[in-house]
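I have placed the structure first, in the form of structure tokens, so that the comments after it can refer back to it.
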Amino acid sequence: MRPFDGKRVLIGVSGGIAAYKTAELARRLVQAGAEVQVILTENAARFVGPATFEGLTGRPVHQSLWEGALGHLELGSWADAIVVAPATANLLAKLAVGVADDLLSTVLLAAPRRALLAPAMNTRMYEHPATQRNLETVREFGHAVVGPAYGELAEREEGWGRMVEPEVIFAHLGRLLERESRWRGQRVVVTSGPTWEPVDAVRFLGNRSSGRMGHAIAAAAWRRGADVVLITGPAHIATPPEISEVHMVETAEEMGQALGRALEGAAALFMVAAVADFRPSHPRSDKIRRAAGMTSIALESAPDLFATASDKAPEGCVQVAFAVELGEDAEESARRKLEEKGADLIVLNDPSEPGAGFAVETNRVTVIDRSGAAARLPLMSKTEVADEILDRAERFLPGE
């Protein structure tokens, strides 16, 4: 799985109760194709034993500075990426002043690359001026810091200091491993999910879109270094936690308004959302009663968001349309839409195919570019499909 396949990740675990979460991070990395080694501090081993990480990674866990004469140099040089989770207040203090009194602190001091640190500690420890100064110092040294989060802590307390969840650390590691990308620093706008068009106060017209494809593209673009704006209708999955600018909408009109605000300075627009083609002409503000005997709903055309967005998009903005089509003439219909919309790419999705379409983890799409060339992709995960689409859209970015 890009960008982890074949990459070597060194995980440092210092002595905090959040160490149990790091086992899940190790599992995710191995499943994504990474080679993983783990360094446990003496205090970390009191929370999670080495057998857990050995079982997950298939490698011996490193604990002692005396394992080998050059172990502290070899481990740091071996790794393509280094992450410390949890990074306790004590570990941060060591890094800030250059203390190297155990294997983990020595490796971090000697490694040729800086680490991703996931702090975890009690709120009062986190807010202490010494810890804040240490965090500032390690950032100045070039280390990346993710978190901490606000939430439930040990001792039944609540506040800042909770280690971010493994999926967030996993995403940030992916961004670090995507070292060179033409998407880095580019503003990318992605629409996702369905729209809901109200019939009355409790009913709506909608569709089966889950948001998985749009969310996957947003996450993949962020991983490649883009500044992502995600505009999503009522999707059935959580938004990628690493994306900081997320706009939640319901109707096509609300999505269009959010698009108008987001497009300034955009380098690319991915219109993945399944936007309603029609909406009730006269939605009711109250609930329609069964006794009223309603037998039909008058409809009108919903706004064509792609046309509106194209008018507002900056010059040179890469525009990617999505089309859901069924039947033998699906590709021909998608080609007509590509020409009508003036997009750079259109992604054709036929939900009648097994394993493709709405509410599933996989997809089978055809990507057609403005030259008419078509790439018919095999069935793959939506995360993999997202990367394939980004690879093709990247060719239209200016400056290549």
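Tabulated data for the structure shown
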quantity: For region 150-167, Karplus couplings with θ = phi - 60° (6.51, -1.76, 1.60), whole Hz, Gly/Pro x; calculated: 8, x, 6, 10, 5, 6, 6, 9, 9, x, 6, x, 6, 5, 4, 6, x, 5
quantity: L65-L326 pseudo-label distance in nm [points 7 Å out on the Cα-to-Cβ vector]; calculated: 6.8 nm
quantity: Rounded accessible area per residue of the chain, 1.4 Å, Å²; calculated: 48 Å²
quantity: Cβ-based net charge around A374, under 10 Å, with every Lys or Arg adding one and every Asp or Glu removing one; calculated: 0
quantity: Whether region 103-249 is rounded, prolate or oblate, judged on the alpha carbon gyration tensor where a/c under 1.5 counts as rounded; calculated: oblate
quantity: Near-label residues of region 245-259 by backbone N, under 17 Å of a point 7 Å along Cα→Cβ of A292; calculated: none
quantity: List E127, E242, E300, E155, ordered by accessible area with a 1.4 Å probe, largest first; calculated: E155, E127, E300, E242
quantity: Peptide ranges 111-119, 377-385 listed from the most packed, as the mean C-beta count within 10 angstrom indicates; calculated: 111-119, 377-385
quantity: Net charge of Cβ neighbours under 14 Å - reference W196; Lys, Arg +1; Asp, Glu -1; calculated: -3
quantity: Computed FRET value (nearest 0.05) for R8 with A375, which takes r as the C-beta separation and R₀ as 25 Å; calculated: 0.20
quantity: Percentage relative contact order, the chain, counting C-alpha pairs under 8 Å, at least six apart; calculated: 11 percent
quantity: Local net charge near D329, Cβ-Cβ under 13 Å (Lys/Arg +1, Asp/Glu -1); calculated: -2
quantity: Cleavage-rule hits (trypsin sites (Lys or Arg not before Pro)) in region 272-337: DSSP loop, at most 12 neighbouring Cβ within 10 angstrom; calculated: K287, R289
quantity: For peptides 19-29, 258-268, sequence by mean Cβ density within 10 Å, most packed first; calculated: 19-29, 258-268
quantity: Volume per residue of the C-alpha convex hull in the chain, rounded to whole Å³; calculated: 183 Å³
quantity: Whole-percent carbon and sulfur share, accessible surface of region 148-187, 1.4 Å; calculated: 45 percent
quantity: Under 5 Å, built H, 5+ apart or other chain: amide partners of G12; calculated: I39, V83, V84, A85
quantity: Angle in degrees between helix 382-394 and the longest Cα principal axis of the chain, rounded to the nearest 10; calculated: 80 degrees
quantity: Sparsely packed trypsin sites (Lys or Arg not before Pro) within region 175-255, loop by DSSP, other Cβ within 10 Å at most 14; calculated: R179, R184, R208
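The values are calculated or read from the model by the stated rules, or taken from the named source; none is laboratory data. Remember, it's a predicted structure, so these values are computed and weren't measured experimentally. Positions of Cβ are backbone-derived with ideal geometry, glycine not excepted, and every protein chain shown enters the neighbour counts. Protein only, heavy atoms only, side chains kept; ligands, DNA and RNA dropped before computing areas. Shrake-Rupley method; radii C 1.70, N 1.55, O 1.52, S 1.80 Å.
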